[in-house]
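Have a look at the structure below, then the notes.
The values are calculated or read from the model by the stated rules, or taken from the named source; none is laboratory data. Quick caveat: nothing in here was measured; it's all calculated off a predicted structure. Virtual Cβ from ideal backbone geometry, glycine too; neighbours counted across all protein chains shown.
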Amino acid sequence: METFYVTTPIYYVNAKPHIGTAYTTIVADIIARWKRLEGKEVFFLTGTDEHGTKIERAAAAAGKTPQTFVDEISSEFMNTWKPLNISYDKFIRTTDERHIITVNEFLDKLWDNGDIYKGTYEGWYCVPDETFITDTDLKDGNCPSCGREVQRVKEEAYFFALSRYKEDLLQLYSDNPYFIYPESKLKEIRGRLKDNLKDLDITRKGVKWGIPFKFDPEHTIYVWFDALLNYISALGWPNDESFNKFWPVDVHVVGKDIIWFHAVVWPAMLMSAGIDMPKLILAHGWWTVNGTKMSKSLGNVIDPIEMAKKYGADALRYFLIKEKPVWEDGDFSENALVSRINGELMSDLSNLVARTLTLAEKFDGKLKYNEGFSDNLDMTQIVSKFDSYNLSGALEDIWSFVRRTNKYINDNEPWKLNGEKLLIVLNDALEALRIISILIYSFMPETAENLSQQLGLKLGKIDDCKFGEFNGKVKRGKNLFEKVKN
C-alpha cells in the first residue's frame, strides 16, 4: 500500500491552543483524511514542544515544576484536538524518552561528520520565540516575528556548521522548485540565502530545562534543534521499520513565521546526517481577528473549543478552510462564520439533504440510473486542487456541485413527477448526496458520517465518486445544520 506522511509543527506549551494552532492542525487533518480516502496508509503526526527558557519561566510563574507544567499544557492540546475531530496517528512530546534517544543518536552523526564545534555566541535573543536574531533582522530594535523586546546575549555555545550547506540548499531548491510552497516563500528563502549564512548555536549553557548535550553536560540542547528532530524520532529513527516505511515526509504543514527553520535549518541538519529530504513544506498564512493580529495582551485570542461548542466543530472546520486560501492571511470574524453556516451549510447543503431524503423516504421501489447528471461533477479538478494543497479551491468546487444538485432538483421538481422520470431524478439526487458525503468527509467528518447513515450506506472512498444506481436504504434523521440566530 502506498504511504503518506503529514506533520504539523509541534506546539510550544507555554500557552493553551488557539485558533492559529487549531487551523494548522485542521489543515493537516484534512490532508490526512483525504489521503486515507485515496487508499493510502497515512501517518499523521502532531505533538508538543516542551523544553527551553520560556517553559522554565512560565512554570516558575505558575509555581510548578517544568515537568508538571508541560504535562498539564500538553494534555490541553490533546483535549483540544479530540472535539475538533483531529485524526492524528501519533502525538509526540519532546520529553518522551524515545525522542531524547533520537536526539542523542542524531548528535553522534553530526559530531562524527565534523559539523559541531565549540564557540561563543553573541547577539540578540527573543525569549518568547526562543529565537536568535541578527542585527539586520531586527525590526525597530525588536523581534521581527512577535515585535517584543530582545535580549543581548554573549555566552559559550556549541555550533552546527550550517554555513557549509548553503550551496547544497540552493541546489535543493533548484532541483525541487516545489520544495517550499507557496512560491513566494521559496523566493523569500532564496533571497535570505544571498547573505552570509551563519552557523547555528545549538546549545545553551544557562538553561536547565532541556536535553543535556551529551558531549558537554554543562550545556543543554537549543529548543529549536531538539524540536525539529520530532519528525524522525516519532518514526523511531534510525532503527525502527516505521522510519523506512514513511520517510521521507510528504508534507510538513507549518505557519509562515517558522519557514526558515523548516526550509533551511532542518534540511541542512538532514544533509549532515545523511537522511533524505522532505518532499514539501507547506507554509500557511496567519489569522487576524477583526483586522487585528491575535494577542493575549489585547484579549482577542480565539479559543477553538469555545467556537466548536457554540457552532459545531464541522462548521468551524468548514469556515477556516473556505474563508481563505491556505497560503494567504485571513480575518476571523464570528459574523462571517455565522453567515457561512446560515448560507452554505444550512441553505445549500442541509436543505438539499432534507428535501431529497424526505421525498426518497416515501418512495418504495427500484430507482433508475441515467448518465446525464454525472457531467455536473468534475472529480479531476477536485483531486488536482487537493494534490496542490488548494483546499479552499477544492471545497469551492465541491460546493459548486452541491449547488448544481440543488438547481437540478429545483428545475425538475421531482415532487410533481411520476414514472420513469421520477426514478431517474431521484436516483441522480441520491447518488449526488452519496458522492457529496465522500467529498466533504475530510473537511466535515461528523457531517459526512451523519449523511451516509441517513442514506443507509457506509461512507465510500474517492474511487467510489462515480454515478451508478443508488442502493442505500434512506432513513431521514435530524437536519445536518440549523440556522443560527444572530
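Would you please list the contacts, defined by Cβ atoms under 6 Å and residues six or more apart or on different chains, that run from a residue in region 172-183 that is over 11 Å from LEU282 (Cβ atoms) to a residue that is at pLDDT 95 or above?
Within 6 Å, the pairs are TYR173/PHE179.
Pull out all pairs, ordered by first then second residue, where Cβ-Cβ is under 7 Å, the residues are six or more apart or on different chains, the first lies in region 448-460 and is in contact (Cβ under 8 Å) with a residue 60 or more places away in the chain and more than 9 Å from VAL474 (Cα to Cα), and the second is surrounded by 15 or more Cβ atoms within 10 Å (Cβ to Cβ) and of a type in the set (Asp, Glu).
none
Being part of a loop (DSSP other than H, G, I, E, B) and either within 29 Å of TYR88 (Cβ to Cβ) or in contact (Cβ under 8 Å) with a residue 40 or more places away in the chain (or both) is the requirement here; does ARG434 meet it? Spell out the reasoning first.
Details: part of a loop (DSSP other than H, G, I, E, B): no; either within 29 Å of TYR88 (Cβ to Cβ) or in contact (Cβ under 8 Å) with a residue 40 or more places away in the chain (or both): yes.
No; evaluated as a whole, the condition is false for this residue.
Which one of ARG164, ARG152, ARG148 is surrounded by fewer than 17 Cβ atoms within 10 Å (Cβ to Cβ), farther than 30 Å from ALA58 by Cβ and basic (Lys, Arg)?
On inspection, the qualifying residue turns out to be ARG164.
Yes or no: region 215-227 includes at least one residue that is closer than 30 Å to ILE321 by Cβ and of a type outside the set (A, V, I, L, M). Walk me through it before giving the result.
Step one: list which residues in region 215-227 are closer than 30 Å to ILE321 by Cβ, which gives 224, 227.
Retained after the next criterion (residues that are of a type outside the set (A, V, I, L, M)): 224.
Checking region 215-227: at least one residue is closer than 30 Å to ILE321 by Cβ and of a type outside the set (A, V, I, L, M).
For region 266-304, which residues satisfy the criterion of being modelled with pLDDT of 95 or more and either part of a helix (DSSP H, G or I) or over 21 Å from the mean Cα position of the chain (by Cα) (or both)?
TRP266, PRO267, ALA268, MET269, LEU270, MET271, SER272, ALA273, GLY274, ILE275, ASP276
To keep it simple, each residue is scored yes or no on (1) modelled with pLDDT of 95 or more; (2) part of a helix (DSSP H, G or I); (3) in contact with a helix residue (DSSP H, G or I) (Cβ under 9 Å, 6 or more places away or on another chain).
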residue: MET1; (1), (2), (3): no, no, no
residue: PHE4; (1), (2), (3): yes, no, yes
residue: PRO9; (1), (2), (3): yes, no, yes
residue: ASN14; (1), (2), (3): no, no, yes
residue: PRO17; (1), (2), (3): no, no, yes
residue: TYR23; (1), (2), (3): yes, yes, yes
residue: VAL27; (1), (2), (3): yes, yes, yes
residue: ILE30; (1), (2), (3): yes, yes, yes
residue: ARG36; (1), (2), (3): yes, yes, no
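If the requirement is being under 23 Å from the mean Cα position of the chain (by Cα) and crowded, with 17+ Cβ neighbours inside 10 Å, which of these qualifies: ILE440, ILE435?
On the way: ILE435 fails: under 23 Å from the mean Cα position of the chain (by Cα).
Among ILE440, ILE435, only ILE440 is under 23 Å from the mean Cα position of the chain (by Cα) and crowded, with 17+ Cβ neighbours inside 10 Å.
List every residue pair whose Cβ atoms lie under 6 Å apart, where the two residues are 6 or more positions apart in sequence or sit on different chains, the first residue falls within region 5-25 and is within 11 Å of PRO304 (Cα to Cα), and the second residue, located anywhere, is among the polar types (S, T, N, Q).
PRO17/THR80
Mind listing just one residue for me: the one in region 92-130 that is without any contact (Cβ under 8 Å) to a residue 40 or more places away in the chain and part of a strand (DSSP E or B) and, of those, surrounded by the most Cβ atoms within 10 Å (Cβ to Cβ)?
The qualifying residue surrounded by the most Cβ atoms within 10 Å (Cβ to Cβ) is CYS126.
Can you pull out every residue in region 316-352 that is touching a Lys or Arg at 6+ places or on another chain (Cβ under 9 Å), touching a residue at least 60 places away in the same chain (Cβ under 8 Å) and outside any helix (DSSP H, G or I)?
Those that are touching a Lys or Arg at 6+ places or on another chain (Cβ under 9 Å), touching a residue at least 60 places away in the same chain (Cβ under 8 Å) and outside any helix (DSSP H, G or I): GLU323, TRP327.
Specify which of the listed residues (GLU449, GLU420, GLU469) is surrounded by fewer than 21 Cβ atoms within 10 Å (Cβ to Cβ), part of a helix (DSSP H, G or I), modelled with pLDDT under 95 and acidic (Asp, Glu).
Working: GLU449 fails: modelled with pLDDT under 95; GLU469 fails: part of a helix (DSSP H, G or I).
The unique qualifying residue is GLU420.
If you take the residues in region 35-73 that are crowded, with 21+ Cβ neighbours inside 10 Å and among the small types (Gly, Ala, Ser), which one is farthest from LEU439 (Cα to Cα)?
Restricting to residues being crowded, with 21+ Cβ neighbours inside 10 Å and among the small types (Gly, Ala, Ser), the top hit is ALA59.
Which one of these is among the basic types (Lys, Arg), within 29 Å of the chain's Cα centre (by Cα) and either at pLDDT below 95 or in a helix (DSSP H, G or I) (or both): LYS208, LYS166, LYS154, LYS194? Talk me through it step by step, then tell me what you get.
On the way: LYS208 fails: within 29 Å of the chain's Cα centre (by Cα); LYS154 fails: within 29 Å of the chain's Cα centre (by Cα); LYS194 fails: within 29 Å of the chain's Cα centre (by Cα).
Sole residue among the options that is among the basic types (Lys, Arg), within 29 Å of the chain's Cα centre (by Cα) and either at pLDDT below 95 or in a helix (DSSP H, G or I) (or both): LYS166.
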